[in-house]
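Data block below; observations after.
Each value in this text was obtained by applying a stated rule to the coordinates, not by laboratory testing. Keep in mind that this is a model prediction, so the values were computed, not measured. Here the Cβ positions follow ideal geometry from the backbone for every residue, glycine too, while neighbour counts run over all protein chains shown.
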Amino acid sequence: MAAPLPLRTLSRTDCPVSRARLCRLQLPHGALDTPVFMPVGTQGTLKGIAVPQLEALGCQICLGNTYHLGMRPGPDLIKKANGLHGFMNWKRALLTDSGGFQMVSLVELAEVTEEGVRFRSPYDGKEILLSPEKSIEIQNALGSDIMMQLDDVVSSTVTGPRVEEAMFRSVRWLDRCIAANMNPGQQSLFAIIQGGLDAELRKKCLTEMIKRDVSGFAIGGLSGGEEKDHFWRMVKLSTEYLPPEKPRYLMGVGYATDLVVCVALGCDMFDCVFPTRTARFGSALVPWGSLQLKHRQYVKDFGPIDEDCECPTCKRYTRAYLHALFRSDTAALHHITIHNIAYQLNLMRFIRESIQQKEFPAFVQQFMKRMYGSVEQYPRWAVEALNTVNIKLE
């Protein structure tokens, strides 16, 4: 009898109009309903929120960072704690990235060769080689449900031969990651599509990577400052080529409009530090944009952040209180973080419900109207992207 797969698709419901899909995936640590947003817990914790609070908000899966966890506290210690699940006392699904993104975010500390990426540790200055094999070794020790291949990452604004070099190297590194996985029965591996903003390079990468036996695919190398018109076209091209029976993870995307549009284009999974990072600047996410709670206009505003939100922050605290607290106590950042994560998770829940009820196009219309007010204010790129999947904004 064949060993059970670490990731199985239990059900799938397709939107009859767009490319949006509702899927239920089975992972070793429980079922996962998509489309889903994954909060980012870089070093085994989300900044400003505790694990029990994250569970209470209904979070199904969160993300850990292989590079930072590999540096501190290190894979050996985490393995002794029964993996990252045991270390952070998180009983639901985990996804770990490969550490490849640090090629961009820590570029002054990194050197890329065929062997791997040589980093100078930002903690103690020591030189470290992160190879495909080492990345998978660390992720095996972390015990995540979903692991990401190590890819050769370049900024989405880079052009020229470096983009092609990175794309082909990512294909070769995928093969090394597959071979290095010592726990294929419990940990799924996702490939990462590269190719920058070059459609032909993306197609070449897609053609090669879908030949590999992996559990899912990520769309990488985007959301790094490129024009939105280029962004959505590369997303759409990728979902057109990717096999429909496997999950599609769009990396680094977290703005509400981006999430809604890219679900329509056929993406299933998303992650971004945006909701937690923006909370630390006093910005609360709402269906009509955001509230800058540090501004004086909220000094005497005794309403909640969002009267329709059921999160603990909105049930208990006023805008005036959070404004006052922001200037004197870091607890304000904690309360706003809870709200922002709740906003993201609720948005994805509403999306899933609308697909299930075959009302996703109507949901998109309502979302855009609430977010922007009038058709004249809608971002042109979003209108064009949605039009290509038969959602014509009115």
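From the square roots a ≥ b ≥ c of the eigenvalues of the alpha-carbon gyration tensor of the stretch 249-298, which class results: rounded (a/c under 1.5), prolate (a/b over b/c), or oblate?
Oblate.
For residue 300, give me every one of the lysines with a C-alpha distance below 25 angstrom, ignoring sequence neighbours fewer than eight places off in its own chain.
315
Could you work out the relative contact order of the stretch 278-319, using alpha carbon pairs under 8 angstrom and six or more residues apart, expressed as a whole percent?
Reported as a whole number, the value is 30 percent.
Relative to the Cα centre, what is the charge dipole magnitude of the chain, using +1 at the beta carbon of each Lys and Arg, -1 at the beta carbon of each Asp and Glu, and rounding to the nearest 20 debye?
The dipole of the chain has a size of about 780 debye.
Find the Rg to Rh ratio for the chain, where Rh is the Kirkwood radius over alpha-carbon pairs and Rg uses the same atoms.
Answer for the chain: 0.96.
With springs connecting C-alpha atoms under 10 Å apart, model the chain as a Gaussian network and identify which of 139, 344, 149 has the largest mean-square fluctuation.
Of 139, 344, 149, the Gaussian network model singles out 344 as fluctuating most.
Would you mind calculating the relative contact order of the chain from Cα pairs under 8 angstrom and at least 6 residues apart, reporting the percent as a whole number?
17
Roughly how compact is the stretch 214-272, stated as its Cα Rg over 2.2 N^0.38 Å to two decimals?
Compared with the compact-globule rule of thumb, the stretch 214-272 sits at 1.01.
Relative contact order for the stretch 19-176: what is it in percent, counting Cα pairs under 8 Å that are at least 6 residues apart?
Across the stretch 19-176, relative contact order equals 20 percent.
DSSP loop (so not H, G, I, E, B), at most 11 other Cβ within 10 Å: list which chymotrypsin sites (Phe, Trp or Tyr not before Pro) in the stretch 78-173 pass both filters.
Here the chymotrypsin sites (Phe, Trp or Tyr not before Pro) that fit, given the DSSP loop and packing criteria, are 123.
Which lysines have a Cα less than 23 Å from the Cα of residue 126, not counting those fewer than 8 places away in the same chain?
79, 134
Given the DSSP H assignment, sum -39500 (n - 2.57) over each helix run of at least 4 residues in the chain and divide by its residue total; what's the result at 222 nm in deg cm²/dmol, nearest 500?
-12000 deg cm²/dmol
Would you mind checking the pairs 211/236; 236/392; 358/392; 211/246; 236/369 and listing those with alpha carbons more than 18 angstrom apart?
211/236; 236/369
Measuring from centroid to centroid over Cα atoms, what is the spacing of the stretch 166-230 and the stretch 13-59 in Å?
21
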